[in-house]
Amino acid sequence: MLLCLSPAWLMKVPAPGQPGEAALLVSKAVSFHPGGLTFLDDFVPPRRATYFLAGLGLGPGRGREAAELARDLTCPTGASAELARLLEDRLLTRQLLAQQGGVAVPATLAFTYKPPGLLRGGDASLGLRLVELSGKEGQETLVKEEVETFLCSEALGDILQVAVKLSGWRWRGRQAWRLHPRAELGAVVDTVLALLEKLEEEESVLVEAVYPPAQLPCSDGPSPGPGLAVRICAVVCRTQGDRPLLSKVVCGVGRGDRPLRHHNSLPRTLEVALAQCGLGEEAQVAAVRQRVKAAAEAALAAVLALEAGLSAEQRGGRRAHTDFLGVDFALTAAGGVLTPVALELNGGLCLEACGALEGLWAAPRLGPAADEAVAAPLVETMLRRSARCLMEGKQLLVVGAGGVSKKFVWEAARDYGLQLHLVESDPNHFASQLVQTFIHFDMTEHRRDEENARLLAELVRARGLKLDGCFSYWDDCLVLTALLCQELGLPCSSPAAMRLAKQKSLTQLHLLRHHGPPWPAPSLHAVPCCPLESEADVERAVHQVPLPGVMKLEFGAGAVGVRLVEDAPQCHEHFSRITRDLQGEADHPGIGLGWGNAMLLMEFVEGTEHDVDLVLFGGRLLAAFVSDNGPTRLPGFTETAACMPTGLAPEQEAQMVQAAFRCCLGCGLLDGVFNVELKLTGAGPRLIEINPRMGGFYLRDWILELYGVDLLLAAVMVACGLRPALPTRPRARGHLVGVMCLVSQHLQALSSTASRETLQALHDRGLLRLNLLEEALVPGEYEEPYCSVACAGPSPTEARLRLLGLCQGLGIDGPSYPVAHFLSHFK
């Protein structure tokens, strides 16, 4: 992130193949480094910007130059002069907020001269009256009639004062209010007529209600500061999926008989401001905060909806969008309820006020107000849009297409502008029609991966593919992908590391020997086990591994064939069954049988089960996301339920993250997105297995929904040798609790009350979150989940109760599949 203090440090150059657009180059800037270090850097050659945010203005000076720099760029921009001009038009934004956002705005009478097209034809809103003038002179009679009607209208309620002001880009920050008692019709009319003479096209004269200071209920006697008014300033940011998120609230307190502006009051928290005005009751303060949050987020949603209907020219460029918004509120006591009324929108004043408040806590004295920086969600949006810009047009080879549960890959690739080339064994796979190049290649026999990697590398070169990266998210193809990357000279974790992580007994036995340094060593998390290839191996294993134990396929996936065994006869019986039923890929495609059907016996460890999804680059941990799993249906281990974010205590969560990270490093996994399954025991985390690829099932979708981080985008960036910029301490925006549906348990419900069409309709209405994992309702002894159904909530309890009620109504809950029991870990 670079700071340019002069427009002269930047220049625009025409973008090849994109007529009318320009790339932005940086020749000089202030750079920022850990520890508070800053440098003034010169860049030779100049660096290309991948995101631009500027202080804007139409007047002479740097604001105008910055506005020109921001126009029609190839890189994303977080603001433009065109958008700022719309946002700071009080009349336009009040109409927008009242009509689309349902946000309370002051009762307003507007006289406008040649209004902009966006104002014309809008529906009249309660308390918002627009009078279009044909000229600026000879309007005395019309003005007097309209003002008199407005001053006598019910929309003003018991308001005693009105303000008269000019509205338009030219007038922002350049004029004071002219306050008049409501009863003084003549004075109001005279002021309006005087201001009409100053109007230019698309500008307005506003007569608006001035709300008196809210009479706050005081539990400790009389208000300590009679006549104090509160002005609330909220910063709201555009996040993943164009969803508004309140970032921070800051307040100003001043005399109620004078205009209260940003720069004539000290910033303070909402709690402190309300307490100074006599309101200290915690529940009431929380209610005010919630109303401010709802109104601010609705305001940005209305602005984003407006932008969606604008042309690139109207926005100031194809990639120009509003990434954050400041909303100023007055606090009124309408009908005895403290209500925030939106006064105006701004592009930077609220952000500046929040920054000033944070400056109070810059010294090392942390307290309740020293929470996350107001700019944190904005910076996340900057980084996300920058990453998309970097990745657009990248050429990637995908090895293995996967099934229906991976359909999101092709949709996301189109959204990100990725150019995908696919290697796949199935010549009729649906994804063959969704990629730039389709290479049909039989790679089901994974014991020939080294030979296949050489053959595939020759095919890639023969087709002249200029690849930026190569990756896979499909279990069976991970080692082949690492070998192919090695052949092509592309970034990836080493084939040896992939082999180590792919073979489950090899993973555990290697880590058991890894005693450090550094400490704590990965051996603390590994579990004793024994590989099984014959009945003799089984007999030997039952004397080496404490029972009860867990038997599973060495290269398996989806918990297929995993079983709890309590004694030697059960071990022999399960080994014989798997050896008979699951001999090759044709018996159960996609679970690793192309590697053979060898098994292992590992010690069964008691504890709660958790997934840790990691992003690593160059051996550094960039991000980690922990989720909780519900109890399985023993003796099987098919997943039943899950919750995110984790309900673990912070120290336990940190233990899980570090255990997963150390186990990955211990196996040599240095670059990629990895899924690590662990159990938390009384003695700490114990490793179940490492999946050296992006987490499956619902995990990518849930992490994107809750944290705004796309593991798929992170994976393709790492595959291209680019370090993803991810939040080190991501904040979840809520809670998700989900349950798996199995054909063996839910065939009747999935064919009737909980059919695919019904679940999809509920998903589309936002009542549940559906992740389809299989295409057909085909029961079998060795089954994988058909789908995941989840509910969201502001707390895990609320999400859990919603899900339980929904499962009972849809017929997913039942005696043989007790959802309440599966969700019991999440209380």
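Residues checked against (1) open to solvent by less than 40 Å² (accessible area, probe 1.4 Å); (2) within 30 Å of the chain's Cα centre (by Cα):
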{"site": "L3", "(1), (2)": "no, yes"}
{"site": "V30", "(1), (2)": "yes, yes"}
{"site": "G35", "(1), (2)": "no, yes"}
{"site": "D42", "(1), (2)": "no, no"}
{"site": "Q100", "(1), (2)": "no, yes"}
Just one of G738, G666, G695 is of a type outside the set (S, T, Y) and not assigned by the TED database to the domain that holds V550; which is it? G738
Condition broken by N675, with the remaining ones in (1) within 26 Å of L478 (Cβ to Cβ); (2) in contact with a Phe, Trp or Tyr (Cβ under 8 Å, 6 or more places away or on another chain); (3) assigned to a strand (DSSP E or B) satisfied: (2)
If the requirement is being more than 27 Å from E784 (Cβ to Cβ) and within 35 Å of the chain's Cα centre (by Cα), which of these qualifies: L524, L614? L524
Which of the following residues is open to solvent by 40 Å² or more (accessible area, probe 1.4 Å) and on the phi < 0 side of the Ramachandran plot: E585, E554? E585
Is there a residue being farther than 30 Å from R64 by Cα, in contact with a strand residue (DSSP E or B) (Cβ under 7 Å, 6 or more places away or on another chain) and of a type in the set (D, E) anywhere in the stretch 142-153? yes
Among (1) closer than 28 Å to M443 by Cβ; (2) surrounded by fewer than 17 Cβ atoms within 10 Å (Cβ to Cβ), the one test that A536 misses: (1)
Let me confirm something: among R620, R563, which residue is touching a His at 6+ places or on another chain (Cβ under 7 Å) and not aromatic (F, W, Y)? R563
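Across the stretch 264-287, what is the number of residues that are in a helix (DSSP H, G or I) and out of contact with any Gly (no Cβ under 9 Å at 6 or more places or on another chain)? Lay out the reasoning, then the answer.
First pass over the stretch 264-287, keeping only residues in a helix (DSSP H, G or I): 264, 270-276, 282-287.
Within this subset, residues satisfying the condition of being out of contact with any Gly (no Cβ under 9 Å at 6 or more places or on another chain) are 270, 272, 275, 282-287.
The qualifying residues number 9.
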When T50 is run through (1) polar (S, T, N, Q); (2) open to solvent by 40 Å² or more (accessible area, probe 1.4 Å); (3) in contact with a Leu (Cβ under 9 Å, 6 or more places away or on another chain); (4) more than 27 Å from V205 (Cα to Cα), the failure sits at (2)
Return a yes/no flag: does the stretch 568-576 have any residue that is out of contact with any Gly (no Cβ under 8 Å at 6 or more places or on another chain) and surrounded by 20 or more Cβ atoms within 10 Å (Cβ to Cβ). yes
Could you grab me the full set of residues in the stretch 306-335 that are at pLDDT 90 or above, surrounded by 22 or more Cβ atoms within 10 Å (Cβ to Cβ) and over 25 Å from the mean Cα position of the chain (by Cα)? G316, D328, F329
Need the failing condition index for E606 against (1) farther than 17 Å from G549 by Cβ; (2) open to solvent by 10 Å² or more (accessible area, probe 1.4 Å), just the number. (1)
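Go through the stretch 329-348 and report how many residues are over 30 Å from C75 (Cβ atoms) and in contact (Cβ under 8 Å) with a residue 60 or more places away in the chain. Can you show your working first?
The initial filter retains those residues of the stretch 329-348 that are over 30 Å from C75 (Cβ atoms), namely 329-343.
Next cut, in contact (Cβ under 8 Å) with a residue 60 or more places away in the chain only: 329-334, 338-343.
Total meeting the criteria: 12.
Please tell me if D710 is out of contact with any Pro (no Cβ under 6 Å at 6 or more places or on another chain), assigned by the TED database to the domain that holds L616 and of a type outside the set (V, I, T). Working first, answer last.
Numbers: out of contact with any Pro (no Cβ under 6 Å at 6 or more places or on another chain): yes; assigned by the TED database to the domain that holds L616: yes; of a type outside the set (V, I, T): yes.
Yes, satisfied.
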Counting just the residues of the stretch 457-482 that are free of Cβ contacts under 8 Å to residues at least 40 places away in the same chain and open to solvent by less than 30 Å² (accessible area, probe 1.4 Å), which one comes out farthest from L397 (Cα to Cα)? V479
Going by the structure shown, is R268 among the charged types (D, E, K, R), closer than 16 Å to A333 by Cα and either in the same structural domain as L118 (by the TED database) or surrounded by 15 or more Cβ atoms within 10 Å (Cβ to Cβ) (or both)? no
Evaluation of C791 against (1) assigned to a strand (DSSP E or B); (2) open to solvent by 50 Å² or more (accessible area, probe 1.4 Å) (one fails), failing number: (2)
Restricting attention to helices (runs of 4 or more DSSP H) lying wholly within the stretch 65-179, give those where 2 or more residues are at pLDDT 90 or above and in contact with a helix residue (DSSP H, G or I) (Cβ under 7 Å, 6 or more places away or on another chain). 140-151
Somewhere in the stretch 249-269, is a residue at pLDDT 90 or above and under 30 Å from A183 (Cα atoms)? no
The number of residues in the stretch 633-649 that are of a type in the set (G, A, S), in contact (Cβ under 8 Å) with a residue 60 or more places away in the chain and either more than 16 Å from L706 (Cβ to Cβ) or surrounded by fewer than 24 Cβ atoms within 10 Å (Cβ to Cβ) (or both) is 3
Go through (1) within 21 Å of F555 (Cα to Cα); (2) surrounded by fewer than 21 Cβ atoms within 10 Å (Cβ to Cβ) and name the single condition D449 misses. (2)
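Grab the strands (runs of 3 or more DSSP E) fully contained in the stretch 520-574, keeping just those with 2 or more residues being touching a Cys at 6+ places or on another chain (Cβ under 7 Å).
Details: elements: 529-532, 549-553, 563-565.
Output list is empty.
Looking only at residues in the stretch 746-761 that are aliphatic (A, V, I, L, M), in a helix (DSSP H, G or I) and in contact (Cβ under 8 Å) with a residue 24 or more places away in the chain, which one is surrounded by the fewest Cβ atoms within 10 Å (Cβ to Cβ)? Write out each step before concluding.
Let us first name the residues in the stretch 746-761 that are aliphatic (A, V, I, L, M), namely 747, 749-750, 754, 759, 761.
Adding the requirement that they be in a helix (DSSP H, G or I) leaves 747, 749-750, 759, 761.
Add one more test, that the residue is in contact (Cβ under 8 Å) with a residue 24 or more places away in the chain, and what stays is 747, 749-750, 759.
Details: L747: 15, A749: 19, L750: 22, L759: 22.
By that ranking, first place goes to L747.
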Mind checking which residues of the stretch 799-818 are open to solvent by less than 50 Å² (accessible area, probe 1.4 Å) and closer than 21 Å to L648 by Cα? A799, R800, L803
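Table: residues versus (1) closer than 30 Å to A715 by Cα; (2) aromatic (F, W, Y); (3) at pLDDT below 85; (4) open to solvent by 20 Å² or more (accessible area, probe 1.4 Å).
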{"position": "L345", "(1), (2), (3), (4)": "no, no, no, no"}
{"position": "A362", "(1), (2), (3), (4)": "no, no, yes, yes"}
{"position": "G367", "(1), (2), (3), (4)": "no, no, yes, yes"}
{"position": "A373", "(1), (2), (3), (4)": "yes, no, yes, yes"}
{"position": "R385", "(1), (2), (3), (4)": "yes, no, no, yes"}
{"position": "G402", "(1), (2), (3), (4)": "yes, no, no, no"}
Being part of a strand (DSSP E or B), in contact (Cβ under 8 Å) with a residue 40 or more places away in the chain and small (G, A, S), is that true of even one residue in the stretch 2-14? no
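The values are calculated or read from the model by the stated rules, or taken from the named source; none is laboratory data. Not measured: the values here are computed from a predicted model. Cβ: placed from backbone, ideal geometry, glycine included. Neighbour counts: every protein chain shown. Please note that ligands, DNA and RNA were not included when accessible areas were found on the heavy atoms of the full protein model with its side chains. Shrake-Rupley method; radii C 1.70, N 1.55, O 1.52, S 1.80 Å.
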